[in-house]
1. With the checklist (1) at pLDDT below 90; (2) of a type outside the set (Lys, Arg); (3) exposed (fewer than 14 other Cβ atoms within 10 Å of the Cβ); (4) within 16 Å of the ligand (Cβ to nearest atom) in hand, flag the one item Leu67 doesn't pass.
2. Is it the case, given these coordinates, that Arg32 is basic (Lys, Arg) and within 16 Å of Thr10 (Cβ to Cβ)?
3. Filtering region 40-64 down to residues that are under 17 Å from Thr10 (Cβ atoms) and either among the hydrophobic types (A, V, I, L, M, F, W, C) or free of Cβ contacts under 8 Å to residues at least 40 places away in the same chain (or both), which residue is farthest from the ligand (Cβ to nearest atom)?
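The values are calculated or read from the model by the stated rules, or taken from the named source; none is laboratory data. Computed from a predicted model, the values in this text were never measured in an experiment. Cβ sites come from the backbone with ideal geometry, for glycine too, and all protein chains shown count toward neighbours.
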Amino acid sequence: MVTKLPDKHTAEEFELLGNVGEDFGRFGKTDRKCSRCGNDFEYFENSSSYRTSCKTPNCLEEVVRGL
Ligand SMILES: [Zn+2]
């Protein structure tokens, strides 16, 4: 599994993104808010990867490949 981060994330932010991805995978939504700007998260998934990101451009984002 390769995780790509476009910007530097703290351990807390990384954990938050992991939890958000888990929420979307399990429930199809999340109530968590971005710890940087307070915006909502969005989630995209295809056959080989998924992306969890804040709706604010260039804020928190995580791409996970190799599902
Ligand atoms: Zn944000």
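1. Just one mismatch for Leu67, condition (4).
2. yes
3. The qualifying residue farthest from the ligand (Cβ to nearest atom) is Thr52.
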